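Each remark here refers to the structure printed beneath this line.
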Amino acid sequence: MIETGVIEAELVQQGGLQVVHVNAVTDDIESELVGFTDGGAGIHAAAGRDHWPRAMFPLMTGGDVNCGQALGASDEKGTGPADGGWTPDDLAASFYRNIGIDPRIEFRSRTGRPITLIRNGAPIPGLIG
């Protein structure tokens, strides 16, 4: 368990992109995660813009990240993953594992209700060394 540390997150709109930036600093590890999603992939005369949020790419560095690689691929139109892909929960699980936090750790609310940090995600194979 990390005794001291800071995790900061920010969501900003930059042009047609939504940008998420997460930075974690502990006594031993500094890791960054930046994710991008396209605000619109196409224009239709009657319906306006298409929104294809299943196609995104994150960048992660620091800690035990195996840098210098690309994992996964989008389909031929860039609308989603070609081979099933990963979820945002998988990415979050990878990020927490990289900074030394078990993504399945469970907390208790003030009323005793269990709350799992990442319920439906698992670290992405090959991302963390």
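The values are calculated or read from the model by the stated rules, or taken from the named source; none is laboratory data. Since the structure is predicted, the reported quantities are computational estimates derived from the model, not experimental observations. Note: ideal-geometry Cβ built from the backbone for every residue, glycine included; neighbour counts use all protein chains shown. To get the accessible areas, we keep the full protein, side chains included, count just its heavy atoms, and leave off ligands, DNA and RNA. Shrake-Rupley method; radii C 1.70, N 1.55, O 1.52, S 1.80 Å.
Per residue, the range 76-129 exposes 63 Å² of solvent-accessible protein surface, assessed with a 1.4 angstrom probe and all protein chains in place. Full extension of the chain between L59 and L117 gives 18.8 nm of extra length, using 0.36 nm per residue less the Cα-Cα distance. The modelled label-to-label distance between R104 and C67, using points 7 Å beyond Cα along the C-beta direction, is 3.1 nm. Computed 3J(HN,Hα) for the range 112-119, one whole-Hz value per residue from the Karplus formula 6.51 cos²θ - 1.76 cosθ + 1.60 where θ = phi - 60°, is x, 5, x, 10, 8, 4, 10, 7, glycine and proline marked x. Taking other residues whose beta carbon is less than 15 angstrom from the beta carbon of A82, and scoring Lys, Arg as +1 and Asp, Glu as -1, yields -1.
Taking amide hydrogens as placed 1.01 Å from N in the peptide plane, the amide H of I128 sits under 5 Å from those of N66, each at least 5 positions away in sequence or on another chain.
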